[in-house]
Structures are given as structure tokens and as C-alpha cells.
Amino acid sequence: MLSAADIIAYLDEMFPRSLAETWDNVGLQIGSASSPCRTVMTCLTVTEAAAAYAAEQRVDLIISHHPLIFSPLKRVTPEEAVGRVIYTLIAHRINLFVAHTNVDRAEGGLNDWLAESLGLLDIGMLDPEAEAAGYGRIGRLPSRMTLRSLAEYTAEALNIQGVTMVGREDKLVQAVAVCSGSGSHLWPAALHQGADVLITGDVKYHTAVDVLATPLAVIDAGHFGTEAMFPSRMAELLEKEAKKKQWPLRIIVYKEGAGPMVTVQKGVFDGETDL
Ligand SMILES: [Zn+2]
């Protein structure tokens with residue numbers, strides 16, 4: 001019988017835990033590797049909705065990008081969101097495995113998936129010293145376009161509401177650096193490697209001010225937008241492996257339609273409240 005350990009062994013081979021940051025918390029967070037595994041669910045974050053869906057679908061193993069347990073917990077109670085998720089998972093005998101910065105850094109991991117989602121060509125490591133693993137990738141667009149067009153294209157390619165950009169609208173760009181999640185600290189590396197633009201998430205005001213004084217442009221596609229492909233790409237890998245090994249495994253993708261942050265365009269506020 002297939003066990004969680006079989007799936008975990010494959011994930012460890014693809015995304016060695018030794019690649020994870022020391023501050024990170026990856027690996028099995030809930031449950032036991034010896035549990036039988038018939039159904040796997042991939043997700044970006046184990047929200048309460050994700051946990052409820054997993055319970056409904058009789059999932060045995062969740063593979064999440066973001067750690068559920070990150071800072072040490074002092075208590076597990078249903079009064080807190082993390083506690084409620086833990087309750088749900090344990091009550092339904094669902095195991096939870098986290099693959100976070102090891103997937104960000106691994107070759108063939110999240111940063112490659114992001115670069116591929118944007119249709120970049122000649123994708124390489126952003127940090128030339130990183131060799132086989134590191135944050136960020138650099139590649140090129142099939143043809144030059146304006147920053148404005150790339151911003152619109154990025155929102156479309158990543159299927160998000162919109163993006164924020166730093167730089168002149170008509171700036172021509174072709175060399176593109178990307179970093180999934182919070183990667184704006186990599187902007188000096190992107191500039192140094194000859195990127196015209198860095199696409200990432202969580203860009204802060206002061207970072208934007210600094211970047212604006214350089215030839216580099218930045219597109220902030222959001223933390224969620226740059227990582228939202230995790231569940232489907234992870235599921236694809238598992239599908240392939242399951243086929244190869246003839247695992248009797250059902251694989252479910254939990255896709256959040258949008259992250260927790262919603263972009264609202266300026267409207268005409270007439271002073272009336274909806275209440
Ligand atoms: Zn993230």
C-alpha cells in the first residue's frame with residue numbers, strides 16, 4: 001500500500017530539504033509518514049477553507065507551499081485560525097507536508113514555473129554563483145515590448161486582477177528577471193545581470209523609490225500572483241511520477257481564485273454608505 005512516505009521520498013529527491021533556509025520550517029508538519037495515502041491535495045496555503053475542502057474530499061496528504069506551523073505554537077485551540085486548521089486535519093487524519101524555500105530555490109521549482117508561466121526563453125539562475133539552486137531566474141521575452149505592455153501581459157499570464165509597476169510606461173524591455181513571493185531585495189542582482197525589469201511580489205515603497213533612480217523597472221505582481229501556479233505545477237509532477245511508478249494515487253489541486261488581497265480601482269464615492 002502506498003504511504004505518505006513514498007510521496008515524501010519523491011518530493012525530497014526533487015526538492016532537497018537541505019535547500020531550505022534555516023529559518024524556514026519544511027517537511028512533515030502534521031501526521032505520520034507511515035500513513036496510507038490514496039489521495040493527495042496540493043495547495044499554496046493551508047487556509048481553513050483549504051483544510052475543509054481536503055476533509056470533504058477525504059484527502060490523506062496535503063502538500064502545501066507555505067508552512068502552516070511557522071513560529072512556535074504555545075497552544076493549539078479552535079479559538080485561533082492555525083489551531084482550527086490543525087484540529088480539522090487531525091480529526092480527518094490528514095497529513096501535512098510543507099515544501100517552501102526548498103521549492104523556491106530548486107532547479108525545476110517555483111521560480112522556473114514562474115518564468116515559464118511568463119513564457120520566458122533561455123531561463124537561467126539570477127544569481128550566477130547559485131549554480132544548481134537559488135532564488136530568482138533571468139530570461140528573455142520572445143520580443144521587445146514596452147513596460148506597460150509587459151505589465152498587462154503579466155496580469156494576463158498570471159491570471160490576476162492587476163499589477164503595480166515602477167518605471168516609465170514606454171521603456172522597452174526584453175531581459176526579464178523574476179522572483180516568486182517576496183523577491184524585491186534581488187533588484188540589485190537583476191540590474192547587475194542586465195535585466196530590464198524584475199517581476200516579483202511584495203515590493204515596498206522605499207524599494208520602489210530606489211529602483212526608480214536606476215535603469216531597472218519593477219513589476220509587482222503580488223506574492224500570491226507570483227506563486228499561484230504552485231498547486232497545479234506540483235500536481236503535474238506528482239501525476240507524472242504516479243504514472244511512472246504506477247501508484248494508485250488520486251491528485252487534487254486546491255486552487256484559490258485569488259489571494260487574500262483584493263485590488264480596488266478608484267471609483268466615484270458619493271458619500272452614501274451601503275448600510
Ligand atoms: Zn510565498
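The values are calculated or read from the model by the stated rules, or taken from the named source; none is laboratory data. Since this is a predicted model, take the numbers as computed values, not measurements. In this analysis, Cβ positions are derived from the backbone assuming ideal geometry, glycine residues included, and neighbour counts consider all displayed protein chains. In case anyone asks, the SASA skips ligands and DNA or RNA and just uses the protein heavy atoms, side chains included. Shrake-Rupley method; radii C 1.70, N 1.55, O 1.52, S 1.80 Å.
What to note about this one:
- Entirely in segment 1-94, the strands (runs of 3 or more DSSP E) that have 2 or more residues that are open to solvent by 20 Å² or more (accessible area, probe 1.4 Å) and closer than 19 Å to GLN246 by Cα: none
- Annotation note: of GLU56, GLU48, the sole residue that is assigned by TED's automatic domain parsing to the domain that holds ALA235, under 19 Å from the mean Cα position of the chain (by Cα) and charged (D, E, K, R) is GLU48.
- Segment 156-275 holds strands (runs of 3 or more DSSP E) entirely within its bounds, and those carrying 1 or more residues that are within 16 Å of the ligand (Cβ to nearest atom) map to 172-182, 197-201, 217-220.
- All positions within segment 153-171 that are open to solvent by less than 100 Å² (accessible area, probe 1.4 Å) and free of Cβ contacts under 8 Å to residues at least 40 places away in the same chain: TYR153, GLU169, ASP170
- Answer residue from segment 234-262, given it is closer than 23 Å to ALA151 by Cβ and in contact (Cβ under 8 Å) with a residue 12 or more places away in the chain and is most open to solvent (accessible area, probe 1.4 Å) among those: MET261
- Filter result for ALA133 (modelled with pLDDT of 95 or more, surrounded by fewer than 24 Cβ atoms within 10 Å (Cβ to Cβ) and more than 16 Å from the ligand (Cβ to nearest atom)): no
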